[in-house]
1. Please tell me the relative contact order of segment 153-210 in percent, rounded to the nearest whole number, where contacts are Cα pairs under 8 Å and at least six residues apart.
2. Which cross-chain or sequence-distant (5 or more) residues have an amide H under 5 Å from the amide H of ASP233, H modelled 1.01 Å from N in plane?
3. Quick one: which residues, 5+ away or cross-chain, put their amide H under 5 Å from the amide H of SER180? H built at 1.01 Å from N.
4. Could you grab the relative contact order for segment 109-200? Cα pairs under 8 Å, six or more apart, rounded to a whole percent.
5. Report the extension gain between GLN121 and VAL202 in nm, rounded to one decimal, defined as 0.36 nm multiplied by the number of residues separating them, less their alpha carbon distance.
6. Can you figure out the FRET efficiency of ALA77 with SER263, using R₀ = 41 Å and their beta-carbon distance, to the nearest 0.05?
7. For the chain, set up a Gaussian network in which alpha carbons nearer than 10 Å are linked by springs, and say which option among ASP109, ASP179, ASP151 fluctuates the most.
8. Compute the orientation-averaged projected area for segment 72-167 from the convex hull of its Cα atoms and round it to one decimal in nm².
Amino acid sequence: MNKVEQIKRIVVKIGSSTLTHESGMLNIRRVEQLVKVLADIKNSGRELVMVSSGAGAVGFGKLGMKEKPRDMPSKQAVAAVGQCELMYTYDKMFSEFNHTTAQILLTRDVVDNADRKRNVQNTFRRLLEMGAIPIVNENDTVSTEEIEFGDNDALSAMVAVMTEADLLIVLSDIDGLYDSNPKTNPDAKLIEYVEEITDEIVLAAAGAGSNRGTGGMITKLHAAQYAGEHGIDMVILNGANPNNLYDFLDGKKVGTYFRGKHSDT
Ligand SMILES: Nc1ncnc2c1ncn2[C@@H]1O[C@H](COP(=O)(O)OP(=O)(O)O)[C@@H](O)[C@H]1O
Ligand SMILES: N[C@@H](CCC(=O)OP(=O)(O)O)C(=O)O
């Protein structure tokens, strides 16, 4: 495991279910608590990149829709409304702690094109040098992959690799990976440490996700696998209690830790 004091650059992924109420409206108290903790982590000298979902959920709430949009153009339009609200909220809240945010909207194919990838990496690098906090989401207008398959987890792993982060933190609506879906099995047990993603682990994560989130645990496992192959550790923490971030960085056992491949192993 990366010693916590060695962790300098962190990518934090925040899922829709963490950011919103069941109604789809923004969970203001939650977002406020999260921003406060993240601003403090930044103040402690670490670099921060956020990957925030929630555009679709927040747009749905803001537009006062009764039913989730079904067709793709409506989903995209709703996400465009929500993304604006999301960034407005982050920008306002981080400003209270004197931090500057920046919006980065990506499509997953940027990694396949050397020029585009270099542009993205250059922008990240310069923003981090400037002390800003890049906040990433998929560009739902240009690409439909994430709203279709609900996989900002993959995007967060891609961002962790592109920014050469020391750690990927995935905040979800649950304490971590369990040996079966705790929403359907009350006896499910938390798995604290994953050295290797075996078939057994994949089977445990096969249950469906929450209503507002989309990918469930399986997409988080794929993210851990991709990050791990590039030498980046990942941890899943419950975003309902942002103090989990402090506990984790204080070296306490919390969430599920996925160890990436390191040259010393
Ligand atoms: N083995 C498992 N361990 C933990 N959660 C699981 C498991 N299998 C399925 N889940 C579901 O995955 C959900 C988290 O994923 P998701 O709904 O996509 O949230 P997010 O918005 O955080 O990405 C949990 O609330 C739970 O219902
Ligand atoms: N770009 C979409 C991503 C949706 C998504 O992946 O949601 P989640 O499973 O909560 O990470 C949005 O912001 O709504």
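1. Across segment 153-210, relative contact order equals 27 percent.
2. Close amide H contacts, sequence-distant or interchain: LEU168, GLY260.
3. Those lying under 5 Å, H to H, from SER180 are LYS189.
4. Working: 47 pairs, mean separation 12.8, N = 92.
Worked out over segment 109-200, it gives 14 percent.
5. 26.0 nm
6. 0.30
7. ASP109
8. Details: hull surface 26.1 nm².
It is 6.5 nm².
Every number here is computed from the coordinates shown, using simple stated rules; none is lab data. Note that the structure is a prediction, hence the values are computed from the model and not measured. Virtual Cβ from ideal backbone geometry, glycine too; neighbours counted across all protein chains shown.
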